[in-house]
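All remarks here apply to the structure that follows.
Throughout, read-outs are computed from the coordinates displayed, never taken from laboratory work. Everything quoted here is computed from the prediction, not taken from an experiment. In this analysis, Cβ positions are derived from the backbone assuming ideal geometry, glycine residues included, and neighbour counts consider all displayed protein chains.
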Amino acid sequence: MIAATGGFAAARAAMAATATIPIVFSSGSNPVKLGLVASLSRPGGNATGVYLFIGALDPKKLGLLRELAPQAAVVGVLLNPSLEDFQARLAGTQDAARIVGQQIHIVYASTEGGLDTAFAELSQLRAGALVVGADPFFNSRRDHIVALAARYAIPAIYEGREYALAGGLMSYGTSLSEGYHQVGVYTGRILKGAKPGDLPVVQPTKFEFVINVKTAKALGLKISDNLLSLADEVIE
């Protein structure tokens, strides 16, 4: 069998290679819409896996950031335009901003140099805060992104607690470690004889909100009691 972790690209490559060998994937976007499975409850075919629900959370992150920095006239949103579901994520974020009446400015990056350019653009626009979209490439450059946010003193919210542990201000998302654990569980079940097409795609039931108070102090920000009460973890 094949464990295809790391998002849609890995799953697509595995499924292009074989229609018979069992595959267990992890996907941050809806695997039905991406064509990986027929349905979440009955995947069919030779693949199943974990839907980490990452891409759909950017609007929620915008709401949390707005509560932290309600005075921010412009909030930046960092997205990777090479993502397969980029248009859906862009539309979801724009809709969320429209609902709460928040002006946003989208910046794009799919390379390390692009990250530097994006943050410089946000600084020139005097963006008051930043939502960093969920993306495997961004995860691979986590320390660089957190360092850029600190350099330009931009309060930012990220997808997972790993960012907050690395010095990021806030994170909201599913537990990646739990997702990968579930990939391992399904791998074991398939090796014992289960058919991937009969195993429902796993969806998260818990979302983690983490605040790094040390970073907030460095940025001169006061975290409201309401946000602190919502946090699953507070890093001092």
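Numerical summary
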| quantity | calculated |
| --- | --- |
| Cα gyration tensor, the stretch 89-181 - rounded (a/c under 1.5), prolate or oblate | oblate |
| Whether the chain is rounded, prolate or oblate, judged on the alpha carbon gyration tensor where a/c under 1.5 counts as rounded | prolate |
| Within straight-line cross-link reach of Lys61, lysines at Cα separation under 30 Å, skipping those fewer than 8 residues along the same chain | Lys33, Lys206, Lys214, Lys217, Lys222 |
| Qualifying chymotrypsin sites (Phe, Trp or Tyr not before Pro) in the stretch 124-154, DSSP loop, other Cβ atoms within 10 Å at most 16 | Tyr152 |
| Whole-Hz couplings from phi, Karplus 6.51/-1.76/1.60, listed for the stretch 69-82; x for Gly and Pro | 10, x, 7, 5, 5, 10, 10, x, 10, 9, 10, 9, x, 8 |
| Sorted by Cβ density within 10 Å, fewest first, the residues Arg161, Arg66 | Arg66, Arg161 |
| Sequence-distant residues sharing a close amide H with Val77 (under 5 Å, placed H) | His105, Ile106, Val107, Val131 |
| Built amide H within the under 5 Å cut-off of Glu159, gap 5+ | Tyr172 |
| Choice from Gly28, Gly49, Gly184 with maximal GNM fluctuation in the chain (Cα, 10 Å cutoff) | Gly184 |
| Exposure proxy ranking, count of Cβ atoms within 10 Å, fewest first, for Val210, Val74, Val202 | Val74, Val202, Val210 |
| Computed over the chain: relative contact order in percent, which uses C-alpha pairs under 8 Å that are six or more apart | 22 |
| Packing-based exposure ordering (other Cβ within 10 Å, fewest first) of His144, His181 | His181, His144 |
| Hz values of 3J(HN,Hα) by residue in the stretch 135-146 - Karplus curve (6.51, -1.76, 1.60), Gly and Pro given as x | 6, x, 5, 4, 4, 6, 10, 4, 5, 5, 5, 4 |
